[in-house]
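Please read the structure below before turning to the comments.
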Amino acid sequence: MIEAGSVPAGAKLPTSRDLATRLGMARGAVVAAFETLIADGFAEARVGAGTYVAASVPLLVVSTPRPGRETDVYRPAPGTLGPGALGVQTPDARTLKIFRGLVSRHLGKLGAQHFAYGDPRGGQALREAIATYLRSARGVRCTADDIIVTSGTQQGLDLFIRAILRAGETVWVEDPCYPMARAALNGNGLRVAGVPIDAEGLDPERGEMIARDARAVYVTPSHQFPLGVAMTMRRRLALIDWAKRNDAWIIEDDYDSEFRFAGSPLTALQGVDDAGRVVYLGTFSKVLFPGLRVGYLVVPQALRDDILALRSRTDRYPATLLEGPLTDFIRDRHSAAHLRRARRQTLAARDALVAALKTNSRLDVQVPDQGLHLLARLPDGSDDVALVERAAAAGVGARALSRLYVDAEPSQGLVIGFSGYSADVMGDAGRKIASLA
């Protein structure tokens with residue numbers, strides 16, 4: 001191991017007593033081996049400190065197989081890094097200080113729940129806190145029994161797909177659509193049918209003309225990704241009626257509803273569902289930070305047993321270590337104060353980005369009242385994919401709108417995030433994009 005470099009120069013070797021115990025052999029044999037290593041220059045003894053790998057040892061040339069496609073490491077696509085990228089959150093000093101204190105307090109008194117397998121739905125206290133929040137802030141009809149804590153919306157969506165739908169069935173998606181949702185559906189063998197988005201959102205009548213046999217629909221009704229349209233109440237009621245008539249399911253992804261900058265909050269589609277046909281997805285990745293890896297699924301009672309059975313035989317139950325701190329963060333209103341600060345910073349970043357982008361008249365900038373991204377449309381004949389690559393080379397993130405379409409004729413444009421960075425940084429990013437467009 002020393003010759004191959006897997007035990008590096010300067011590393012401390014185990015004590016002879018410890019190594020002899022672990023290997024089940026006489027300590028004298030280990031001492032003899034260490035003495036040989038020292039004599040051959042592979043190790044050195046330090047009085048009172050132990051035995052260490054020598055600073056300079058001959059290394060073997062180890063041949064390693066060239067990795068094939070299956071072992072390639074993950075590489076971010078152009079436009080997914082830097083200011084303007086989607087899904088980035090801002091570290092808030094006050095929030096982090098509070099959260100550190102909550103984590104330290106709970107780690108200092110680990111309860112019995114951490115030492116046994118838990119509820120596949122997640123801890124009762126956290127589910128109660130989430131249910132209380134959703135009822136008051138989003139108008140969701142739920143109790144703690146309806147909540148399943150997940151590692152994010154993607155896991156929640158995957159649990160629903162695998163437990164309830166079957167390969168070969170058809171699912172409507174908004175066209176254009178959130179690509180990770182489409183990937184989850186396609187990856188489970190489902191047929192995806194794109195339903196074009198207009199000023200009122202997804203039209204169920206149009207969907208029935210495209211794919212009458214659909215078993216479910218995936219929608220982002222409060223802030224459509226990526227076009228930013230809010231589904232009208234007329235369309236929401238029509239979609240619920242379609243689901244009732246066809247024994248179908250509505251998957252509502254409410255991914256960034258907390259960030260509304262003007263007007264009254266939009267009630268969740270699930271809140272107007274009187275038939276239990278809506279599966280509601282939410283996450284703390286946008287509210288706090290993606291590294292928390294906590295989301296939630298609000299499940300109609302008719303689906304609960306099947307989804308929980310799948311959860312139990314996959315990852316069994318969610319991690320418990322951060323449930324206590326997160327529960328206190330929500331219950332003690334720290335989350336509400338954090339959101340107020342985050343909205344102010346995000347709004348300032350949005351305005352700076354918009355002002356910078358509007359210096360180029362070729363960009364038709366659509367200023368959103370909600371969410372964490374905006375759409376800048378490009379003239380016909382443009383190449384948004386090439387523009388994203390040029391922006392990425394300049395250190396700026398964005399997504400090509402044309403790549404997000406399913407079946408409809410693609411439009412050219414940029415989907416640009418404005419969260420995670422200060423107003424000054426987003427202003428600079430906007431000026432770079434404007435100069436490249």
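The values are calculated or read from the model by the stated rules, or taken from the named source; none is laboratory data. The shown structure was predicted, so the numbers you read here are calculated from the model rather than taken from an experiment. Reconstructed Cβ throughout: ideal geometry from the backbone, glycine too, with neighbour counts over all protein chains shown. What goes into the accessible areas is simple: the full protein's heavy atoms, side chains included, and nothing from ligands, DNA or RNA. Shrake-Rupley method; radii C 1.70, N 1.55, O 1.52, S 1.80 Å.
Against the list (1) closer than 21 Å to TYR218 by Cα; (2) open to solvent by less than 50 Å² (accessible area, probe 1.4 Å); (3) not charged (D, E, K, R), the condition VAL287 fails is (1).
Do we find that VAL57 is among the aliphatic types (A, V, I, L, M) and modelled with pLDDT of 75 or more in this structure? In short, yes. Any residue in the stretch 154-162 that is over 22 Å from GLN301 (Cα atoms), part of a helix (DSSP H, G or I), of a type in the set (Gly, Ala, Ser) and open to solvent by less than 10 Å² (accessible area, probe 1.4 Å)? The answer is no, given that none of the residues of the stretch 154-162 is over 22 Å from GLN301 (Cα atoms), part of a helix (DSSP H, G or I), of a type in the set (Gly, Ala, Ser) and open to solvent by less than 10 Å² (accessible area, probe 1.4 Å). Among the residues of the stretch 371-390 satisfying the criterion of being open to solvent by 30 Å² or more (accessible area, probe 1.4 Å) and charged (D, E, K, R), which is nearest to the chain's Cα centre (by Cα)? Filtering first and then ranking leaves GLU389. One residue stands out among those in the stretch 144-153 that are surrounded by 18 or more Cβ atoms within 10 Å (Cβ to Cβ) and out of contact with any Ser or Thr (no Cβ under 7 Å at 6 or more places or on another chain): the one that is nearest to PRO300 (Cα to Cα), which is ASP146. Among the residues making up the stretch 203-241, those that are outside any loop (DSSP other than H, G, I, E, B), under 17 Å from GLN270 (Cα atoms) and not small (Gly, Ala, Ser) are PRO204, VAL217, TYR218, VAL219, MET233, ARG234, ARG235, ARG236, LEU237, LEU239, ILE240, ASP241. Every listed requirement among (1) open to solvent by 10 Å² or more (accessible area, probe 1.4 Å); (2) aliphatic (A, V, I, L, M); (3) in contact with an Asp or Glu (Cβ under 7 Å, 6 or more places away or on another chain); (4) not in a helix (DSSP H, G or I) is met by VAL195 save one, (1).
The set of residues in the stretch 255-283 that are under 26 Å from ALA163 (Cα atoms) and among the hydrophobic types (A, V, I, L, M, F, W, C) comprises ALA268, LEU269, VAL272, ALA275, VAL278, VAL279, LEU281. The residue of the stretch 310-350 that is surrounded by the most Cβ atoms within 10 Å (Cβ to Cβ), among those that are within 30 Å of ALA429 (Cα to Cα) and among the basic types (Lys, Arg), is ARG350.
In the stretch 287-305, the residues that are within 17 Å of THR95 (Cα to Cα) form Cβ pairs under 7 Å with partners that are among the acidic types (Asp, Glu), at six or more places apart or across chains, as follows: VAL287/GLU258. Taking (1) among the acidic types (Asp, Glu); (2) surrounded by fewer than 20 Cβ atoms within 10 Å (Cβ to Cβ); (3) not in a loop (DSSP other than H, G, I, E, B) in turn, GLU174 satisfies each apart from (2). When the stretch 204-230 is filtered for residues that are open to solvent by 10 Å² or more (accessible area, probe 1.4 Å) and either of a type in the set (Ser, Thr, Tyr) or closer than 22 Å to LEU165 by Cβ (or both), the ones remaining, listed by number, are ARG206, GLU208, MET209, ILE210, ARG212, ASP213, ARG215, PHE225. Just wondering, is there one or more residues in the stretch 353-370 that are in a helix (DSSP H, G or I), open to solvent by 60 Å² or more (accessible area, probe 1.4 Å) and at pLDDT 95 or above? Yes, the stretch 353-370 has at least one match.
Among the residues making up the stretch 75-100, a single one is in a helix (DSSP H, G or I), open to solvent by less than 40 Å² (accessible area, probe 1.4 Å) and either without any contact (Cβ under 8 Å) to a residue 40 or more places away in the chain or not aromatic (Phe, Trp, Tyr) (or both): THR95. For the stretch 242-281, the tally of residues that are closer than 26 Å to LEU374 by Cβ, assigned to a strand (DSSP E or B) and either of a type in the set (A, V, I, L, M, F, W, C) or modelled with pLDDT under 95 (or both) stands at 3.
Listed here are the residues, each with its yes/no results for (1) part of a helix (DSSP H, G or I); (2) without any contact (Cβ under 8 Å) to a residue 60 or more places away in the chain; (3) among the aliphatic types (A, V, I, L, M); (4) open to solvent by 20 Å² or more (accessible area, probe 1.4 Å).
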site	(1), (2), (3), (4)
ALA392	yes, no, yes, yes
SER402	yes, yes, no, yes
GLU409	no, yes, no, yes
LEU414	no, yes, yes, no
